[in-house]
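Let me begin by presenting the structure, written as structure tokens, before commenting on it.
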Amino acid sequence: MNRRKFIILTGVGATSAGVLSACRHPEEKLIPALIPDDEYVPGVDYWKASTCGMCDAGCGIIVRTREHRANKIEGNPLHPVNRGALCARGQAGLQLLYNPDRIRGPMRRTGERGAGEFEEITWDEAIKSLVDKLREIREQKGANTVAFATKKKDGVTGIAAEIFASAFVPSGLRMHLLAEGLDGDAESGPEIYNRFVTPIFDIANATYLISFGARFLETWHSPVRYSLAYGEFRNARGKARGKFVHIEPRMSMTAANADEWLPARTGTEGLIALAMAQVIIREGLRKDATEPKFLSEPLENYAPEKIADEADIPAEKIIRIAHEFASAERPLAIGSSRPVAHGRENMTAINYLNLLLGNVNKPGGVVLPAVDDFDPLDHVSGEHRIDSLQEHLLSKEGIGDAFSALLIHQSNPVYKTPRGAEGIRKIPFIASFSSFMDETTSLADLILPDHTYLESWDISATLIDEKRVAVTVNRPIEKPELNTRQTADVLIAISREIGGADFSPAFESAEEMVRKAIEQLPGRGEETSDSIIEKGVWVGEATGKAESFKPATFQFSLLSASADSTGDYPLTLLACERAAIGVGEHSNLPLLQELPDAMTSVMWGSWVEINPKTASSLGIADGDLVEVTSSHGSVRAPAVLYPAIRPDTVALAYGQGHGAGRYAKGRGANVIELNPYLNGSLRRPDTVQVKVSKVEGEARLIRFGTMLPEHPEVKR
Ligand code: SF4
């Protein structure tokens, strides 16, 4: 339809013009109320299905739009992962779309690196600048001195990166793929099950659940999925209410929901699991499994009576819980590999409990999917697969000398791996595809901003039980808000330029990849692609391979697994991921900053949780400014006296201490500054030894319902 644009400036119209300019949207967004649009009826809601992009759990969403503008997100009731539910983070997606700090279009650096001086350029100029620079680097330094860094190496971005690599890197060479490191719990020590696959935990049908630090109601694996399962575990009709025991040094929201909370010493989760295993074996309660071969000393050495002091949990309590667990109809043990450096060993011990009681691939137990993975893009990707690329860590020392150019997408290593930032600063050319001016993007020479997930195409899959998979479609809910482009499409455009006349990319766009993947879904039957896109999800049988994985032959000891509380750093710091802002990707969304912490009601900043006894011995009162120091650095934040934390432990949440974003900048402290996450380690432990002292200065502590000052940041 050929639209004419006009504005009527009469009384109300003049106000409309003011609203219009305040909202910074072009006038055509209001005109359809006067000129009918073929695609919608003014004033009528349209719901479109897509995928939540606020974490990796892959929940289905439906988005309400009116006059082409998204105004509410809900869970997709057809999606088997979240069954119509959505967490607070998922609800906050609109603040990503309409965030005033989004980069509005391509930009080129004009001032010193990091000075924040950029000029707006067109997309043609941006793509030409990048292509020219890449050609120059290839000729002078070699194609393999260019690296692509992304958090999301699968999906359409992964395939587009491979298309780019095949156009840019001469055959026989590989383009380097960099990663920040691993945040999640994906591994969870699966090798003990003889398969290297992320298990599904049937919490809904368990009758006794013991969690070794797995905060499954907050951030562990798939929070909405497991929160729903927990509801069934507690309340399902026709079955007894399950018992839940949680082990963690601090009372998290998950711990607060437990029937019994065991505040064990940090790092001793695996030790307690082995003590329980020892009781189960010595008292003839086991149903399966042999003696643990992974231990470098006899299991008797882990008897509750021997490890009780180190774990700081009475032996009688461990014995009682082992009895309850072993005699339950459907017991289930879950854990988190994150808290400590020996998380993998802890997880192996925790998973051994499930083997002992024979609850693998049984209702209420650990479900190992029949295939290792299911990727709908496998069927369309041909020879282009991202696993042909090499992985490195962005935090690796010497990264600045190793590469001539870094193309960075959905990654912010300057914030997340601060000690690697110096190396990144030294890379001669950086192109960022970020939607926001974050700490890493502010160092870029060229910015080619990505769409948000609500404007993008993608496709992914989640295994929902032993045999079935939910394939979730991500499709644009509305036309792009700003002058941004999906990174996969930009990479394809660059490949076409750089590859020359002879190069023909396998796909023209992300949308084409998604449509082809849907067409080729094995077992799709008669269902049309449009119907699958409309519903946002397709559930079918998972096809693929189940690699037989050889269990690691590594042997370990968990004796003396607890943190060292002697010396200069007597306290153990537990860095926690809050359900709202996680590790800091979404700290610039005011709704999530405003969400009070479930246990302390603190919002809009950082705080150090400290036991009142410890605080008193250090002369610290509630609200005092304290300095937390490890051998790697120090940060400052107000103290919150929290009785539900061990006296030898303090806690500080991830996600604050940003240097960019009007709602995030200057708020609180970045706890990663204290963490020894540098060379060699893919996984960042959540714990480090620290000391805490009171210091002079203003402590800004905002608690829900107490003092909420006006937020100057919201004024534009
Ligand atoms: S758990 Fe929450 S943030 Fe993650 S995908 Fe689901 S709704 Fe989105």
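The values are calculated or read from the model by the stated rules, or taken from the named source; none is laboratory data. The model shown is predicted, which means the values in this text are computed figures rather than measured ones. Methodologically, a virtual Cβ is constructed for each residue, glycine included, from the backbone with ideal geometry; neighbour enumeration extends over all protein chains shown. Heavy atoms of the whole protein, side chains included, go into the accessibility calculation; ligands, DNA and RNA do not. Shrake-Rupley method; radii C 1.70, N 1.55, O 1.52, S 1.80 Å.
Starting from the 7 Å offset along Cα-to-Cβ, what nm value, one decimal, do you get for the label separation of residue 83 and residue 257?
Each label point is offset 7 Å from its Cα along the Cβ direction, giving 1.3 nm.
Given that compact globular proteins tend to follow 2.2 N^0.38 Å, what is the ratio of the alpha-carbon Rg of the stretch 568-608 to that value?
The stretch 568-608 yields a ratio of 1.32.
I need the shape label for the stretch 476-596. Rule: rounded when a/c is under 1.5, else prolate if a/b > b/c, else oblate, with a, b, c from the alpha carbon gyration tensor.
prolate
Rank these residues by their accessible area, most exposed first, probe 1.4 Å: 665, 48, 613.
Accessible-area ranking of 665, 48, 613, largest first: 613, 665, 48.
Going Cα to Cα from residue 128, which aspartates and glutamates come in below 13 Å? Please leave out same-chain ones fewer than 8 positions away.
Candidates past the 8-residue exclusion: 136, 497.
All other residues with a Cβ under 11 Å from the Cβ of residue 689 taken together, and with Lys, Arg as +1 and Asp, Glu as -1, what is their net charge?
Around residue 689, the charge tally is -2.
Could you tell me the ratio Rg/Rh of the stretch 200-367? Both radii from Cα atoms, Rh via Kirkwood.
Ratio of gyration radius to Kirkwood radius for the stretch 200-367: 0.93.
What full-extension length gain, to one decimal in nm, is calculated for residue 601 and residue 104 as 0.36 nm per residue of separation minus the Cα-Cα distance?
175.4 nm
Given 10 °C and 1.306 mPa s, how large is the Stokes-Einstein diffusion coefficient of the stretch 571-714 in µm²/s, with Rh as the Kirkwood radius over Cα pairs?
104 µm²/s
Taking all protein chains together and a probe of 1.4 Å, list 52, 87 from the most accessible to the least accessible.
The ranking, largest first, comes out as 87, 52.
Amide H to amide H under 5 Å from residue 702: which residues, 5+ apart in sequence or cross-chain, H placed 1.01 Å off N in plane?
So residue 702 has HN proximity to 603.
Can you classify the stretch 426-549 as rounded, prolate or oblate using the Cα gyration tensor, where a ≥ b ≥ c are the square roots of its eigenvalues, rounded means a/c under 1.5, and otherwise it's prolate if a/b beats b/c and oblate if not?
Prolate, because a/c is 1.5 or more and a/b exceeds b/c.
For a quick check of your reading of the filter: which GluC sites (Glu not before Pro) in the stretch 530-633 sit in a DSSP loop and have no more than 13 other Cβ atoms within 10 Å?
Counting only loop positions with at most 13 other Cβ atoms within 10 Å, the GluC sites (Glu not before Pro) in the stretch 530-633 are 547.
If you keep only loop residues by DSSP, which GluC sites (Glu not before Pro) in the stretch 91-145 have at most 15 other Cβ atoms within 10 Å of their Cβ?
Here the GluC sites (Glu not before Pro) that fit, given the DSSP loop and packing criteria, are 112, 117.
Return the FRET efficiency for the residue pair residue 122, residue 632: r is the Cβ-Cβ distance, R0 is 30 Å, and the value is rounded to the nearest 0.05.
So the FRET efficiency works out to roughly 0.10.
Select from 352, 235, 332 the residue farthest towards the positive end of the dipole of the stretch 200-367; place +1 on Cβ of Lys and Arg, -1 on Cβ of Asp and Glu, and compute about the Cα centre.
235
Set the bar at 25 Å for Cα to Cα. Now go through 243/317; 72/243; 133/516 and name every pair that lies beyond it.
Over 25 Å apart, Cα to Cα: 72/243; 133/516.
Give 48/416; 426/691; 665/691; 153/416 a once-over and call out the pairs whose C-alpha atoms are over 23 Å from each other.
Checking Cα-Cα distances, 48/416; 426/691; 665/691 exceed 23 Å.
Just to check I understand the Karplus step: with θ = phi - 60° and J = 6.51 cos²θ - 1.76 cosθ + 1.60, what whole-Hz values come out for the stretch 90-101, glycine and proline as x?
x, 5, 7, x, 5, 6, 6, 5, 9, 5, x, 8
With every protein chain in place, what's the accessible area of residue 503 (1.4 Å probe, Å², nearest 10)?
40 Å²
Show the residues, 5+ positions off or on another chain, whose built amide H is closer than 5 Å to the amide H of residue 459.
156, 474
Order the following by accessible area, largest value first: 353, 559. Probe radius 1.4 Å; ligands, DNA and RNA are ignored.
Greatest to least solvent exposure: 559, 353.
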